[in-house]
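First the structure, in the form of structure tokens, and then the observations on it.
Read-outs: derived from the displayed coordinates by stated rules, not from any lab. Because the structure is predicted, anything quoted here is derived from the model rather than measured. For neighbour counting, all protein chains shown are included, and Cβ atoms are generated from backbone atoms with ideal geometry for every residue, glycine included.
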Amino acid sequence: MAVQGKVIITTACTGAIHTPTMSEYLPITPDEIVADAVAAAEAGAAILHLHARDPETGKPDQTPEAFARFLPRIKQATNAAINITTGGSPYMTVEERVRPAATFKPEVASLNMGSINFGLFPLLEKYKDFKFDWERQHLESTRDLVFRNSFANIEYILETCYDNDTRFEFECYDIAHLYNLKHFADRGLVKPPYFVQSVFGILGGIGTHPEDVIHMKRTADRLFGDDYRWSVLGAGSAQFRVAAQAAAMGANIRVGLEDSLWAGKGKLATSSADQVRMARKIVEGLGLELATPDEARQILQLKG
Ligand code: KMH
Ligand code: ZN
């Protein structure tokens, strides 16, 4: 892996995993998403990974219209690079999932590099009463749900975004996903530097043990050499343990309420910016510096 002078913090503001009952701070409405994203950028996030939700129910909403309610406002208020999800939610079709990225042609879009079980049902032990009926169903359904990212699905997203010069945050939930990325690289369908987002701690993907983090990096080093830039995301309570280990190994960091609702044991984060400030402390404590949005654009060769 090429050693980078600066560390890129990505913030993922709302996602499609957590539900309104789990935290009053989870941004749902366009106003809340704008406020969360802008505050995260002001705290030091160079990239904003964005999903949309129905403002009435908090349900993930992957229509371009839903993104149109906040994207221009975020772009106007920050210089951060915009990253639009193509993952959407595991129960959406790939055609639905790609529409916002195809419509808004962002600098970055996520691209999930393989199919996995995506087990959210253990959260039912923690949360009993829900504000909305869909929340229980959303967690329950993951007992028998595959987050489908077949080779054809990945190719479809690549082809749909090809003419837009959008670059990708390659979400790799397991070692096999690095090999899938290598397959697309060998076919010339993706171009270096590859922005590899290693996701640790989803039930169905790789765990959060320090050995898992080391194994992910060693494998990526062997497959991609200097042609990739590494970022990590630890799900839930593993967020900062994974971030600290990987940052010390040269990684970039992703935080935000999409990935974890927490700012310490039993303490809800009040915004994604809270977590950016915590990540910043780790980075600066290691004697490293944060990348500005323009430095991130240079490091990842974004279109700007
Ligand atoms: N929620 C993350 C674990 C996507 O949006 O494409 C993965 C993610 C997927 O962010
Ligand atoms: Zn996402």
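Can you give the helix-only mean residue ellipticity at 222 nm for the chain, where every DSSP H stretch with n ≥ 4 adds -39500 (n - 2.57) and the sum goes over all residues, rounded to the nearest 500 deg cm²/dmol? Don't skip to the answer; put the middle values down first.
Values: 11 runs with 115 residues, N = 304.
When only DSSP H runs of four or more count, the value is -11500 deg cm²/dmol.
Using a ≥ b ≥ c from the Cα gyration tensor of the range 6-300 (square roots of the eigenvalues), is it rounded, prolate or oblate, where a/c under 1.5 gives rounded and otherwise the larger of a/b and b/c decides, a/b for prolate?
Details: a/c = 1.20, a/b = 1.13, b/c = 1.06.
Rounded shape, in that the Cα axes give a/c under 1.5.
If Lys and Arg each add +1 and Asp and Glu each add -1, what is the summed charge of the other residues whose beta carbon sits under 13 Å from the beta carbon of F132?
Values: positive: R53, K59, K131, R136; negative: D54, E56, D129, D133, E135.
Cβ neighbours under 13 Å give a net charge of -1.
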Original post:
What is the distance, in nm, between label points placed 7 Å from the Cα along the Cα-to-Cβ direction at K126 and at T292?
Top reply: 3.8 nm
Original post:
In which sequence would R148, R254, R143 go, from the one with the fewest C-beta neighbours within 10 Å to the one with the most?
Top reply: R143, R148, R254
Original post:
Which entries of K75/K191; K59/K182; K75/K126; K131/K267; K75/K182 show an alpha-carbon separation above 30 angstrom in the structure shown?
Top reply: K59/K182; K75/K126; K75/K182
Subject >> the range 107-161 versus the range 42-71: alpha-carbon centroid distance in Å >> reply: 17 Å
**OP:** Determine the shape class of the range 131-231: with a ≥ b ≥ c the square roots of the Cα gyration tensor eigenvalues, call it rounded for a/c under 1.5, and otherwise prolate if a/b is greater than b/c, oblate otherwise.
**Re:** oblate
**OP:** With both partners inside the chain, how many of the DSSP beta bridges are antiparallel, as a percent to the nearest 5?
**Re:** 10 percent
**OP:** Please arrange E107, E155 by counting, for each residue, the other beta carbons lying within 10 Å of its beta carbon, fewest first.
**Re:** E155, E107
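Mind checking the dipole of the chain: about its Cα centre, +1 per Lys or Arg Cβ, -1 per Asp or Glu Cβ, Debye to the nearest 20? Let's see the in-between values first.
Working: 32 positive and 38 negative charges, 104 e Å.
Here the chain has a charge dipole of around 500 debye.
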**OP:** Take the alpha-carbon centre of the range 217-276, take the same for the range 185-215, and report the distance between them in whole Å.
**Re:** 12 Å
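Report the FRET efficiency, 1/(1 + (r/R0)^6), for A152 and T63, where r is their Cβ-Cβ distance and R0 is 30 Å, rounded to 0.05.
Numbers: r = 23 Å, r/R0 = 0.78.
Result of the calculation: an efficiency of 0.80.
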